[in-house]
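Written below as structure tokens is the structure these notes are about.
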Amino acid sequence: MTEIRSTVILGSGCAGLTAAIYSARAGLNPLILEGHEPGGQLSMTTLVENFPGWPEGIQGPELIDNMKKQAARFGATFQQADMASVDLKENPFRLQTSAGEIVTRTLIVASGASARWLGLKSEQALIGHGVSSCATCDGFFFRGKEIAVVGGGDSAMEEAHFLTRFADKVTILHRRDAFRASKIMLERAATHTKIAMRTNTVIEEVLGEEDKEVKGLRLRDVKTGEESILPISGLFLGIGHEPNTKMFAGKIDLDEDGYIRTTGNVLVTKDGVVVPGIYACGDVQDRRYRQAITAAGSGCMAALEAEKFLEEQGH
Ligand SMILES: Cc1cc2nc3c(=O)[nH]c(=O)nc-3n(C[C@H](O)[C@H](O)[C@H](O)COP(=O)(O)OP(=O)(O)OC[C@H]3O[C@@H](n4cnc5c(N)ncnc54)[C@H](O)[C@@H]3O)c2cc1C
């Protein structure tokens, strides 16, 4: 007979690991499916300066490792597997994973939202060393520096505007000549004394030694083919995020961009009606804040809701 688990947690970022700490301490022996990116987004970054409790800051991978150890201490178990699909029609739910079928009474979805990257090798080599997808997180490191933001939508404009608090100059790079951003956001950016804009421009290479620091960008004008060098210390991606929710399409309510719609903070719905036993936390349901601490906070809420549900069901 297949074992029925009390709680399975999808994702091992700070939302999933916080849910793991709470549900493990509640004696639910949670199983965490780590997914393709064990440790989540924080494992890609270097210094985290805004997570409470670390006055000098802490390296992202170390923070994640601490959370993982904390969860394991109370009996959480980890599996390096991805969930491919799920049947939520009946409880217990059946999950199809790369490690086989798993049956569980509660499912905590903490599968995050991945930032869209340009896909350049040089960009990937410098993530956390000058290349970032999070202005709120990393803007502070660029005080008095010159940086660039890539993108042409509202999020790129907002990010550029926010970064002027720290940087001396922010250049917005956009591959087309027309922007997708709303008129008001565009105007705000275009009239800012610290913001410059370059259209019809693509990034060919992020310059800098791997794992050291960004020195500049090699750019190409898509109309003339002309190449140029832009000396900058930081590159911020403002081309959006993709929530990891493909496996839930049609099964629960997602918004127009694929983020999980929640009610009561972490409760998941289908056609507006709460589906008991499934909860969503962290960036997969939060397009607004996208911070480690907010992800951790909602992970705690999801675990407490799962615990309450199991208790009400007499398990
Ligand atoms: C470069 C960078 C720097 C940052 N710096 C800071 C900072 O300084 N301070 C701060 O507060 N925030 C920072 N953030 C934001 C912060 O990392 C995120 O808000 C936080 O990681 C969200 O946590 P999460 O658990 O919701 O999702 P994630 O961290 O994205 O984790 C998602 C998890 O889900 C797993 N997963 C996905 N799909 C599946 C599947 N099908 N099956 C199983 N598992 C799956 C992945 O493997 C991963 O483990 C930064 C982000 C980036 C990218």
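Here Gly27 meets each of (1) near the ligand (Cβ under 9 Å from one of its atoms); (2) surrounded by fewer than 16 Cβ atoms within 10 Å (Cβ to Cβ) with one exception, condition (1). I'd like the full set of residues that are under 20 Å from Asp177 (Cα atoms), touching an Asp or Glu at 6+ places or on another chain (Cβ under 7 Å) and assigned to a loop (DSSP other than H, G, I, E, B), limited to the range 197-249. Scanning the range 197-249 gives Thr199, Asn200, Gly238. Checking each residue in the range 2-28 for being within 21 Å of Gln96 (Cβ to Cβ) and not in a helix (DSSP H, G or I) picks out Thr2, Glu3, Ile4, Arg5, Ser6, Thr7, Val8, Ile9, Leu10, Gly11, Ser12. Check the range 1-22 and report whether any residue there is surrounded by fewer than 24 Cβ atoms within 10 Å (Cβ to Cβ), more than 8 Å from the ligand (Cβ to nearest atom) and among the polar types (S, T, N, Q). Yes, that holds for at least one residue. Inside the range 94-109, residues that are within 11 Å of the ligand (Cβ to nearest atom), touching a Ser or Thr at 6+ places or on another chain (Cβ under 7 Å) and within 18 Å of Val274 (Cβ to Cβ) make up a count of 1.
A count restricted to the range 245-266 and to residues that are out of contact with any helix residue (DSSP H, G or I) (no Cβ under 7 Å at 6 or more places or on another chain) and either buried (at least 16 other Cβ atoms within 10 Å of the Cβ) or not assigned by TED's automatic domain parsing to the domain that holds Ala302 (or both) stands at 6.
Of the residues examined, Gly40 is one that is near the ligand (Cβ under 7 Å from one of its atoms), within 18 Å of Ser133 (Cβ to Cβ) and of a type in the set (Gly, Ala, Ser). Given the options Leu10, Leu28, name the one that is under 28 Å from Thr136 (Cβ atoms) and touching a Leu at 6+ places or on another chain (Cβ under 8 Å). The match here is Leu10.
Tally up the residues in the range 125-138 that are in a helix (DSSP H, G or I) and either under 17 Å from the mean Cα position of the chain (by Cα) or buried (at least 23 other Cβ atoms within 10 Å of the Cβ) (or both), please. Selection size over the range 125-138: 4. State whether one or more residues within the range 288-301 are more than 11 Å from the ligand (Cβ to nearest atom) and at pLDDT 95 or above. Within the range 288-301 (the criterion being more than 11 Å from the ligand (Cβ to nearest atom) and at pLDDT 95 or above), the answer is yes, since at least one residue qualifies. Out of Glu204, Glu226, Glu305, Glu311, one residue alone is more than 13 Å from the ligand (Cβ to nearest atom), in contact with a Phe, Trp or Tyr (Cβ under 6 Å, 6 or more places away or on another chain) and modelled with pLDDT of 95 or more. It is Glu305.
Among the conditions (1) within 30 Å of Thr269 (Cα to Cα); (2) modelled with pLDDT under 95, the only one that Cys137 does not satisfy is (1). If you filter the range 67-93 down to residues that are away from the ligand (no atom under 14 Å from the Cβ) and loosely packed, with under 13 Cβ neighbours inside 10 Å, you find that the one that is nearest to Gly11 (Cα to Cα) is Lys69. Against the definition (near the ligand (Cβ under 10 Å from one of its atoms), assigned to a loop (DSSP other than H, G, I, E, B) and touching a strand residue (DSSP E or B) at 6+ places or on another chain (Cβ under 9 Å)), how does Trp54 come out, yes or no? So Trp54 does not fit the description; no. Which residue pairs have Cβ atoms closer than 8 Å, lie 6 or more positions apart in sequence or on different chains, and pair a first residue in the range 38-62 that is of a type in the set (Ser, Thr, Tyr) with a second residue that is more than 8 Å from the ligand (Cβ to nearest atom) and not in a loop (DSSP other than H, G, I, E, B)? Cβ pairs passing all conditions: Ser43/Pro61; Ser43/Ile64; Thr46/Gln59.
Within the range 150-167, the residues that satisfy the criterion of being assigned to a loop (DSSP other than H, G, I, E, B) and in contact with a strand residue (DSSP E or B) (Cβ under 6 Å, 6 or more places away or on another chain) are Thr164, Ala167.
Being at pLDDT below 95, surrounded by 16 or more Cβ atoms within 10 Å (Cβ to Cβ) and in contact with a helix residue (DSSP H, G or I) (Cβ under 6 Å, 6 or more places away or on another chain) is true for just one of Gly40, Gly60. Which residue is that?
Only one candidate qualifies: Gly60.
The values are calculated or read from the model by the stated rules, or taken from the named source; none is laboratory data. Predicted model, so just to flag it, every value in this text is computed and none were measured. Here Cβ is always computed from backbone atoms with ideal geometry, including for glycine, and neighbour counts include all displayed protein chains.
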